[in-house]
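What follows is a short report on a single structure.
The values are calculated or read from the model by the stated rules, or taken from the named source; none is laboratory data. Computed from a prediction, not measured in an experiment: that's the story for all the values here. Methodologically, a virtual Cβ is constructed for each residue, glycine included, from the backbone with ideal geometry; neighbour enumeration extends over all protein chains shown. These accessible areas exclude ligands, DNA and RNA; they are computed on the full protein's heavy atoms, side chains included. Shrake-Rupley method; radii C 1.70, N 1.55, O 1.52, S 1.80 Å.
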Amino acid sequence: MKLWGGRFNQPIGKDAWELNKSITFDQRMAPQDVRGSMAWAQALRSAGVLTPQEWEQITGGLQAIQKEFEDAVFSFIESDEDIHTAVERRLGELIGPLAGKLHTGRSRNDQVATDFRLWLLEHLPILDSALASLQSALVERAEAHPDVILPGYTHLQRAQPILLSHWWLSHFWPLQRDRERLLELQNRTAVLPLGCGALAGTPFAIDRTALAEDLGFLSPAPNSLDAVSDRDFAVEFLFCVALIGVHLSKLAEAVILYSSAEFGFFELSDAYTTGSSLMPQKKNPDVFELVRGKSGTLLGNLIGLLATLKALPSTYDKDLQEDKLPVFNGFDTLMAILPVLANALETLTIHPDTMKKCIDASMMATDLADYLVAKGVPFREAHALVGQAVQAAVQHQTGLDQLSQSEYQSIHKAFENDVYTVFDPVESIARRSALGGTAPEAVKEQIQAAHCAMQVLQ
Ligand code: ARG
């Protein structure tokens with residue numbers, strides 16, 4: 001017998017039942033469903049709907065169910081449509097017809113929205129600490145080799161020399177913003193739908209503010225129609241997840257490139273690479289490719305839910321049942337990749353000599369222009385003059401540092417014989433010492449700031 005079977009003469013078709021039920025995936029919210037029901041029972045008691053004795057019996061039954069879930073001995077049966085019906089069915093088995101009083105003034109519409117929010121509120125901190133661990137791995141890498149120089153790229157063309165530490169940290173800060181976003185999301189998730197009934201509100205004297213407090217929510221949702229249909233928190237979560245995916249994918253892409261033979265900057269550990277079934281020499285960066293690949297699925301989860309929501313006509317519609325799988329998938333995917341990624345980064349080997357060999361004098365062309373600026377030449381003019389020097393170097397098939405003194409002089413008198421000092425990449429890096437720059441002292445400060453930033457979120 002279905003919970004809602006009263007008005008039907010025929011049983012639901014087996015195929016329709018299979019399509020309709022959500023127990024296969026929403027049983028994951030069992031602890032939250034029981035918690036929500038306990039709070040609801042308390043609210044019903046305060047409203048005078050349940051006597052203290054009835055409340056005690058119902059609560060005792062729910063506690064027993066909670067224990068069954070904890071001990072993984074709760075058994076689902078074929079007629080359990082979703083987690084809400086399963087818990088209510090079991091309560092009836094344990095305490096008899098009194099179980100039927102628990103759903104007074106409540107609908108599965110406000111119930112499911114509450115369970116889902118509770119689930120997310122409990123899982124946000126887990127995701128946060130996985131992100132924090134990856135951040136720690138990045139900071140450790142940044143601290144480990146403070147002097148290593150890496151060619152910095154824009155448009156994937158050699159641009160300016162940078163510290164490798166600075167590069168590692170460039171992947172730390174996006175994760176910090178991700179964590180801040182997840183933290184802010186907690187506030188918008190902690191708005192309670194329970195007590196809104198199916199759509200119009202509940203006719204019983206439920207103190208929704210007390211109910212919200214009891215469940216650790218910040219406030220009750222202010223509009224019952226909105227409360228049962230609002231899945232903004234799920235969309236926002238999926239956006240956060242998708243953006244985390246994008247951040248991880250960018251990092252993965254760079255590591256894949258830098259560990260190719262053509263770059264040769266990194267070598268991945270055997271423990272985080274795979275081989276080829278055909279080509280014996282291959283060592284493939286599958287972990288990083290999967291991070292990059294899965295970020296596409298994470299993006300799809302966000303777009304999928306937005307598309308599900310966009311034309312819903314009113315309050316609760318069954319389409320909303322589609323909200324859970326993308327959210328669970330997003331969480332599970334990140335929890336699967338974040339620790340592996342941290343380990344893979346921790347164990348990769350760096351090749352500073354190869355990085356250094358890729359630094360050529362042209363990467364100090366900006367320094368050369370700045371050299372002229374220091375001698376009073378306006379930057380725009382200096383840029384054009386250095387452009388001439390670059391052209392001369394290309395013509396002679398040589399480096400900017402190999403052009404003769406007279407050649408420089410013929411371009412501009414301000415190029416004096418100290419001009420060759422600008423081609424030292426160490427000096428070039430040291431000059432960029434303003435806050436946020438790549439100079440060793442600025443990076444040192446940045447590492448301090450990274451530690452502080454992480455602490456603030458703890
Ligand atoms: N399984 C449903 C869901 O996940 C629960 C709410 C069902 N509500 C209803 N009116 N059929 O959305």
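The set of residues from segment 387-404 being open to solvent by less than 60 Å² (accessible area, probe 1.4 Å) and farther than 18 Å from Ala159 by Cα comprises Ala392, Leu403, Ser404. Any idea which residue in segment 311-336 is farthest from Cys240 (Cα to Cα), counting only those that are within 12 Å of the ligand (Cβ to nearest atom) and either in contact with a Pro (Cβ under 9 Å, 6 or more places away or on another chain) or among the β-branched types (Val, Ile, Thr) (or both)? Taking the candidates together, the pick is Thr315. Tallying residues that are in contact with a strand residue (DSSP E or B) (Cβ under 9 Å, 6 or more places away or on another chain), β-branched (Val, Ile, Thr) and either open to solvent by less than 70 Å² (accessible area, probe 1.4 Å) or within 16 Å of Glu445 (Cα to Cα) (or both) within segment 135-191 yields 4.
Name the single residue that is farthest from the ligand (Cβ to nearest atom) among those in segment 1-16 being assigned to a loop (DSSP other than H, G, I, E, B) and hydrophobic (A, V, I, L, M, F, W, C).
Our first condition is that a residue be assigned to a loop (DSSP other than H, G, I, E, B); within segment 1-16, this holds for 1-4, 8-13.
Okay, now just the ones that are also hydrophobic (A, V, I, L, M, F, W, C), so 1, 3-4, 8, 12.
Working: Met1: 16, Leu3: 9, Trp4: 8, Phe8: 14, Ile12: 12 Å.
In this case the residue turns out to be Met1.
Counting only residues that are away from the ligand (no atom under 16 Å from the Cβ), over 22 Å from the mean Cα position of the chain (by Cα), touching a residue at least 40 places away in the same chain (Cβ under 8 Å) and part of a helix (DSSP H, G or I), segment 113-165 holds 3 of them. Being within 16 Å of the ligand (Cβ to nearest atom), out of contact with any Phe, Trp or Tyr (no Cβ under 7 Å at 6 or more places or on another chain) and part of a helix (DSSP H, G or I) is the filter here; which residues of segment 84-112 pass it? Across segment 84-112, the qualifying residues are His84, Thr85, Val87, Glu88, Arg89, Arg108, Asp110, Gln111, Val112.
Return the only residue of Ser276, Ser259 being among the polar types (S, T, N, Q) and touching a residue at least 24 places away in the same chain (Cβ under 8 Å). Please lay out each step first, then the result.
Working: Ser276 fails: touching a residue at least 24 places away in the same chain (Cβ under 8 Å).
Checking each option against the conditions leaves just Ser259.
Filtered by the rule that a residue be under 21 Å from Leu194 (Cα atoms), open to solvent by less than 70 Å² (accessible area, probe 1.4 Å), within 13 Å of the ligand (Cβ to nearest atom) and polar (S, T, N, Q), segment 17-59 gives Ser22, Gln32.
With respect to (1) open to solvent by less than 70 Å² (accessible area, probe 1.4 Å); (2) among the polar types (S, T, N, Q); (3) farther than 23 Å from Gly152 by Cα, the lone exception for Ser362 is condition (3). A search for C-beta distances below 6 Å between a residue of segment 64-90 that is under 28 Å from Lys14 (Cβ atoms) and of a type in the set (Lys, Arg) and any residue that is assigned to a helix (DSSP H, G or I) and open to solvent by less than 50 Å² (accessible area, probe 1.4 Å), counting only pairs 6+ apart in sequence or on different chains, returns Arg90/Ile65.
Restricting Ser249, Ser260 to residues that are surrounded by fewer than 22 Cβ atoms within 10 Å (Cβ to Cβ) and in a loop (DSSP other than H, G, I, E, B) narrows the list to Ser260. Tallying residues that are touching an Asp or Glu at 6+ places or on another chain (Cβ under 9 Å) and part of a loop (DSSP other than H, G, I, E, B) within segment 425-435 yields 2. Condition test on Ala205, is it in contact (Cβ under 8 Å) with a residue 12 or more places away in the chain, in a loop (DSSP other than H, G, I, E, B) and farther than 24 Å from Leu121 by Cβ? In short, yes. Specify which of the listed residues (Asp370, Asp319) is under 18 Å from Tyr420 (Cα atoms) and part of a helix (DSSP H, G or I). Criteria check complete, one pass: Asp370. Which residues, counting only those in segment 300-317, are open to solvent by 60 Å² or more (accessible area, probe 1.4 Å) and without any contact (Cβ under 8 Å) to a residue 40 or more places away in the chain? Answer for segment 300-317, where residues must be open to solvent by 60 Å² or more (accessible area, probe 1.4 Å) and without any contact (Cβ under 8 Å) to a residue 40 or more places away in the chain: Ile303, Ala307, Lys310, Ala311, Pro313. Among the numbered conditions (1) touching a strand residue (DSSP E or B) at 6+ places or on another chain (Cβ under 6 Å); (2) over 30 Å from Asp270 (Cα atoms), the only one that Asp319 does not meet is (1).
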